[in-house]
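Inspection log for the structure reproduced underneath, given as structure tokens.
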Amino acid sequence: MGHPHLAAPLLLELAHTVNEGLILIDAEGKVQLWNRWLAERSGVSAQEIQGRRLEEVFPHLANSRLAHAVQTALQQQLPAILSQTLNRRPFPLQDHLHNDAHPIEQAITIAPLARESGHIHCLIQIQDVTAAVRREQQLREQAQQLQALSNIDGLTGVANRRSFDARFQEEFQRAQRHGSDISVLMLDIDYFKEYNDCYGHQAGDTCLTVVANTLRRCLQRGGDFVARYGGEEFAVVLPGASHGAACKLASSLQQEISRLGIPHANSHAASHLSISVGVATHTPQRNDRAQDLLRGADIALYQAKRQGRNRVVSADALDLTVQPEKLM
Ligand SMILES: Nc1nc2c(ncn2[C@@H]2O[C@H](COP(=O)(O)OP(=O)(O)OP(=O)(O)O)[C@@H](O)[C@H]2O)c(=O)[nH]1
């Protein structure tokens, strides 16, 4: 061997000084070395555990992956790395050395050691990976928050257009698979340009938020959702809703917005803020496209504008082959 001058006491001191846990297991599976790092963090002293099997002191380790890995190292001389996610904190270790005492997350490697006598020993190394695990957790949480934020409209707090596109497509395909109805409402605030001109852009922003919250509040069923589709335009998706049910909800949304009584002196449709709504329903067949349903609701909305605003129009009664702009 390479370093005959390294005396046994020095090697022992080295094992006690390293900044990680070291356990030496002999051929009979008994602990020969339990270093200071482990004693300080486990509350188990070297005297208490030396000469005993790990499972005697830590019964929960019996039949664990760690116990199997130690057996494999001793019997087949195979090393192992215990995945940190599959083996959460095999040893009950606490970091008492800092102000925030906390359980220690552990990365564990197991290696066979062949002695000159031919006896195989096993070395278990335990590293404190708490900081890395915490950082990973924080990054995961931040990624989830970003994901949620990227789906929400910053002003009104309802789903944004991006999220609408994905969820609407999903719901349309579900309806296609189940042969069920799906309805869409397209809603637009009447004379909103005049509202901004009269009351200011900031009041316009507040108004959009109030309308969005009112729409959200009026949706009853779990799968229903509202999204900000464009500037002052909202879309509501009602999976499983028949055309009759969707028209009824559209009317109640229109009434709820009217009931808010938000003054709108420059509206030609009412004395208060009002909305126009287009309603369309499909029971999608195999080759139907989600955008055709949306287009139906859009054409109905333009028709509602054309007929004088502050009303609900159903796509059922319309010629959907006409371009919406031609209806204006
Ligand atoms: N305050 C505010 N206004 C917005 C926002 N997004 C769009 N708008 C305004 O909404 C107005 C929409 O105007 P138009 O498309 O002419 O529609 P309208 O005035 O509502 O008329 P009709 O829909 O035909 O009744 C524009 O003046 C936009 O500036 C926003 O985030 N905040």
Output ³J(HN,Hα) for segment 145-158: one whole-Hz value per residue in order, computed from phi by the Karplus curve 6.51 cos²θ - 1.76 cosθ + 1.60 with θ = phi - 60°, and x for Gly and Pro.
5, 4, 4, 5, 5, 5, 9, 10, 6, x, 7, 9, x, 8
In what sequence, highest mean first, do 261-271, 205-215 appear when ranked by Cβ atoms within 10 angstrom?
205-215, 261-271
Counting only C-alpha contacts under 8 Å and six or more residues apart, can you give the relative contact order of the chain as a whole percent?
13
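Given a Förster distance of 35 Å, report the FRET efficiency between SER271 and LEU219 from their Cβ-Cβ distance, rounded to the nearest 0.05. Before the final figure, lay out each step's value.
On the way: r = 27 Å, r/R0 = 0.77.
So the FRET efficiency works out to roughly 0.85.
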Starting at the first residue of segment 17-23, write each ³J(HN,Hα) from the Karplus equation 6.51 cos²θ - 1.76 cosθ + 1.60 with θ = phi - 60°, in whole Hz, x for Gly and Pro.
8, 4, 8, 6, x, 10, 10
Two pseudo-spin positions, 7 Å from Cα along C-beta at THR109 and at GLN125, lie apart in nanometres by 0.3
Charge tally for neighbours of GLN142 with beta carbon under 15 Å away, counting Lys, Arg as +1 and Asp, Glu as -1, is +1
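Find the percent of Cα-Cα distances in the chain that exceed 25 Å, and round it to a whole number.
Considering the chain, 65 percent of its Cα-Cα pairs are separated by more than 25 Å.
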If you rank ASP181, ASP292 by fewest surrounding Cβ atoms within 10 Å, what's the result?
ASP292, ASP181
Within 10 Å, at most 15 other Cβ atoms, and a DSSP state outside H, G, I, E, B define an exposed site. Report the longest part of the chain free of exposed trypsin sites (Lys or Arg not before Pro).
116-220
Calculate the FRET efficiency for GLU141 and ALA27 from the Cβ-Cβ distance with a Förster distance of 41 Å, rounded to the nearest 0.05.
0.35
Charge dipole magnitude, Cβ of K and R +1, D and E -1 - the chain, Cα centre, debye nearest 20
680
Once amide H atoms are built 1.01 Å from N in the peptide plane, which residues 5 or more positions from ALA159, or in another chain, come under 5 Å H to H?
ASP153, VAL226, ARG228
May I ask for the net charge around ILE120, where only other residues with Cβ less than 14 Å from the Cβ of ILE120 are counted and Lys, Arg are +1 while Asp, Glu are -1?
-1
Positive-end extreme of charge dipole, the chain - chosen from ILE152, ILE81, HIS119 (charges on Cβ):
ILE152
At 0.36 nm per residue, minus the direct Cα-Cα distance, what do THR209 and HIS96 gain on full extension? Give it in nm, one decimal, please.
35.7 nm
Separation between the LEU11 and GLU48 pseudo-spin-labels, each 7 Å from Cα along Cα→Cβ, expressed in nm?
2.8
Total charge dipole magnitude, segment 163-280, about the Cα centre, Cβ charges on Lys, Arg, Asp, Glu only, Debye to nearest 20
440
When you count, for each residue, the other Cβ atoms within 10 Å and take the mean per peptide, how do 103-112, 274-283 rank with the highest first?
274-283, 103-112
Provide the net charge surrounding ALA265, with neighbours chosen by a C-beta distance below 11 Å and charges set as Lys +1, Arg +1, Asp -1, Glu -1.
-2
By how many nm would the segment from SER83 to HIS201 grow when fully extended, if each residue of separation counts as 0.36 nm and the alpha-carbon distance is taken off?
36.9 nm
A chain fully extended from ARG306 to ARG177 at 0.36 nm per residue, minus the present Cα-Cα distance, gains in nm 42.9 nm
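Bear in mind that the values in this text are calculations on the coordinates, not laboratory data. All of these numbers come straight from a predicted model, not from anything done at the bench. So basically every Cβ, Gly included, is an ideal-geometry build from the backbone, and we count neighbours across all protein chains shown.
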